[in-house]
Amino acid sequence: MIYILLPAYNEEEGLEKLLVRIDRLAKTFFSEYKLIIVNDGSSDHTVQVIQTHLKEMPIELINFEKNKGITEVFMVGFKRVCKLGKDNDICITLDSDNTQSPFVILDILQKLNERFDLVVASRFAKGGGMVGAPFFRKLLSLGVAYLLRKTIPIKGARDYSTFYRGYRVGLIRKAFNQYGDNLLEGHGFSGMANMLIRLCSMTDKVTEVGLVLRYDLKEGGSGMNILKTVKGYLKLLYINIRKQRNIQLI
């Protein structure tokens, strides 16, 4: 079973296009799948867009009345996947804003079928990149990626903050058993980076596939708070540098 987990916050335009593409993709290549969409208190027509696809697609909607942030969205979504799925099932996560092609799922599935446990759709892998990203956003992404790779190197992964990943459900379940609600500790992108670091300490079966982030196709506004995001990354770096120093002192 393939579970596709989508966060949605004011994504009526991007989500509509994404669902149409996923439906076409699934009918051709998937034998069995389920979409879990977490609406994070959207104030536009995101919920109505989802409702128009309920009869055509296997969608489960989790609806937050108020905006709780991406960390809570993924926390609730991953818990739901772990409740429904078996250890060898697959969970795919990606954005709902039309910047990430769902056809990269096919590349992720190919790697997972080669017995990898975690596959990152990476802007820094062969064939990856960014198109149309604002200068500051691009600078932040490149700077954070460089610092994380130098400070907390992960064999097999270079893109720490992208939401677009494929996981074996058993790995997520194992991580929840160890970290509980602290698995995604951090704010937004830094929380997802922290999750990646923790998961990669549990398995060495990690790899990447190329992703071209099409920021020029983005629908709707950005949900990223720049100051909180930078603060989250700095905290993540600080905590992990302290851990490394403590280990060296022992």
- Note on the structure: Taking region 94-138 and keeping residues among the polar types (S, T, N, Q) and under 20 Å from I154 (Cα atoms) leaves S122
- Task: Return the residue satisfying two criteria in turn: it lies in region 58-94 and is among the polar types (S, T, N, Q) and part of a strand (DSSP E or B), and of such residues it is farthest from I2 (Cα to Cα).
- Result: N63
- Query: Can you name the residue in region 31-57 that is part of a loop (DSSP other than H, G, I, E, B) and touching a helix residue (DSSP H, G or I) at 6+ places or on another chain (Cβ under 9 Å) and is also surrounded by the most Cβ atoms within 10 Å (Cβ to Cβ) among such residues?
  - Reply: S42
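What is the residue count in region 31-40 for residues that are over 24 Å from K86 (Cα atoms) and either free of Cβ contacts under 8 Å to residues at least 24 places away in the same chain or over 19 Å from the mean Cα position of the chain (by Cα) (or both)?
Within region 31-40, residues that are over 24 Å from K86 (Cα atoms) and either free of Cβ contacts under 8 Å to residues at least 24 places away in the same chain or over 19 Å from the mean Cα position of the chain (by Cα) (or both) number 0.
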- Item | Criterion violated by Y215 - all others in (1) free of Cβ contacts under 8 Å to residues at least 24 places away in the same chain; (2) of a type in the set (F, W, Y); (3) over 27 Å from N88 (Cβ atoms) satisfied | (1)
- Message: Quick check on region 193-250: of everything there that is of a type in the set (S, T, N, Q) and in a loop (DSSP other than H, G, I, E, B), which residue is modelled with the highest pLDDT?
- Response: T203
- Being in contact with a strand residue (DSSP E or B) (Cβ under 8 Å, 6 or more places away or on another chain) and part of a helix (DSSP H, G or I) is the filter; apply it to region 20-30 and report the residue that is farthest from E72 (Cα to Cα). A26
- Item | Count - residues of region 100-135 that are more than 24 Å from E219 (Cβ to Cβ), of a type in the set (D, E, K, R) and part of a loop (DSSP other than H, G, I, E, B) | 4
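For region 89-108, check the following and say yes or no: at least one residue is over 17 Å from the mean Cα position of the chain (by Cα), closer than 24 Å to V169 by Cα and surrounded by fewer than 22 Cβ atoms within 10 Å (Cβ to Cβ).
No: region 89-108 contains no residue that is over 17 Å from the mean Cα position of the chain (by Cα), closer than 24 Å to V169 by Cα and surrounded by fewer than 22 Cβ atoms within 10 Å (Cβ to Cβ).
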- Could you list all residues from region 58-72 that are of a type outside the set (V, I, T) and surrounded by 18 or more Cβ atoms within 10 Å (Cβ to Cβ)? G69
- Message: For S122, only one of the following conditions fails: (1) surrounded by fewer than 21 Cβ atoms within 10 Å (Cβ to Cβ); (2) touching a strand residue (DSSP E or B) at 6+ places or on another chain (Cβ under 6 Å); (3) touching a residue at least 60 places away in the same chain (Cβ under 8 Å); (4) of a type in the set (G, A, S). What is its number?
- Response: (1)
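The values are calculated or read from the model by the stated rules, or taken from the named source; none is laboratory data. Here the structure is a predicted model, which is why all the values come from computation and not from measurement. Cβ atoms come from the backbone with ideal geometry, glycine included; neighbour counts cover every protein chain shown.
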